[in-house]
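Scroll down for the structure; my scribbles are underneath it.
The values are calculated or read from the model by the stated rules, or taken from the named source; none is laboratory data. Because the structure is a prediction, the values reported are computed rather than measured. Positions of Cβ are generated from backbone atoms using ideal geometry, with glycine treated the same way; all protein chains shown enter the neighbour counts.
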Amino acid sequence: MQEAAKIEAAWERKYPEQVVLAITKNSEERVNLMAIGWVCIASDEPPMFLIGIDDNAYTLELIRLHKEFVIAYPSVEMADATLYVGTTHGHKEDKGVRCGLKFIPADKVNVPILADAVANFECRLVEITRPGNCPLIVGEIVASHVNADESVKRLFTLGKGYKLGKID
């Protein structure tokens, strides 16, 4: 049975939801990361991701400038780093260094992939659109990678207030 509810109350019932890290790099080769919950597959032919990023995000600025990014699915062990990069602004902080995560070169984009992530997707910008108050970025997947250790579990947002963890 359904009952009418305010949208904020209904949104609280959507958890758990996925969380990804968008990885970018600036002109001085500084790696930047941002935790994102607004992410989905936009197409499977060609394969594309859609992510939503706030206007003032350094990540959006770098995607507009360099036209490429990586979407990484963090592991449960990356919860603290994911919280850090999701709550710290990259304009002033070198999040790539301070987060403590390990990066390795990508195959097709000039942005590194996350060495211990569950999966990484190298993306090239297709378009940025704005159907509402948040820019939506569409990126075509040009290469993908998975962790060779299948026991590595994905990190999820489990509840409001940046509650992160695994799904059993």
Next item on the list: Restricting attention to the stretch 109-127, report how many residues are in a strand (DSSP E or B) and within 16 Å of the chain's Cα centre (by Cα).
Entry: 9
Checklist line | Residues located in the stretch 76-101, provided they are hydroxyl-bearing (Ser, Thr, Tyr) and either assigned to a helix (DSSP H, G or I) or within 23 Å of Val142 (Cβ to Cβ) (or both) | finding: Thr82, Tyr84, Thr87
Next item on the list: Can you give me the number of residues within the stretch 1-42 that are in contact with a helix residue (DSSP H, G or I) (Cβ under 8 Å, 6 or more places away or on another chain) and loosely packed, with under 10 Cβ neighbours inside 10 Å?
Entry: 1
Checklist line | Cβ-Cβ under 6 Å pairs, at least 6 apart or on other chains, the stretch 60-86 side touching a residue at least 60 places away in the same chain (Cβ under 8 Å), far side part of a helix (DSSP H, G or I) and among the basic types (Lys, Arg) | finding: Val85/Lys95
Item checked: Every residue from the stretch 33-61 that is in contact with a Pro (Cβ under 9 Å, 6 or more places away or on another chain) and either farther than 23 Å from Asp94 by Cα or among the charged types (D, E, K, R) (or both) -> Ile41, Asp54, Asp55
Check: Yes or no: Ile167 in contact with a Cys (Cβ under 6 Å, 6 or more places away or on another chain) and either over 20 Å from Glu61 (Cβ atoms) or not hydroxyl-bearing (Ser, Thr, Tyr) (or both)?
Finding: no
Margin query: Restricting to the stretch 141-168, name every residue that is of a type in the set (A, V, I, L, M), in a strand (DSSP E or B) and free of Cβ contacts under 8 Å to residues at least 40 places away in the same chain.
Written below: Val142, Ala143, Val146
Check: Only one of Ile71, Ile63 is among the β-branched types (Val, Ile, Thr), out of contact with any helix residue (DSSP H, G or I) (no Cβ under 7 Å at 6 or more places or on another chain), at pLDDT 95 or above and part of a helix (DSSP H, G or I); which?
Finding: Ile63
Next item on the list: Only residues that are surrounded by 16 or more Cβ atoms within 10 Å (Cβ to Cβ) and either of a type in the set (Gly, Ala, Ser) or under 19 Å from Ser27 (Cβ atoms) (or both): list them for the stretch 107-121, please.
Entry: Val109, Val111, Pro112, Ala117, Ala119
Item checked: First in the stretch 21-33 and over 19 Å from Thr82 (Cβ atoms) and hydrophobic (A, V, I, L, M, F, W, C), second anywhere and assigned to a loop (DSSP other than H, G, I, E, B) and modelled with pLDDT under 95, Cβ under 9 Å, 6 or more apart -> none
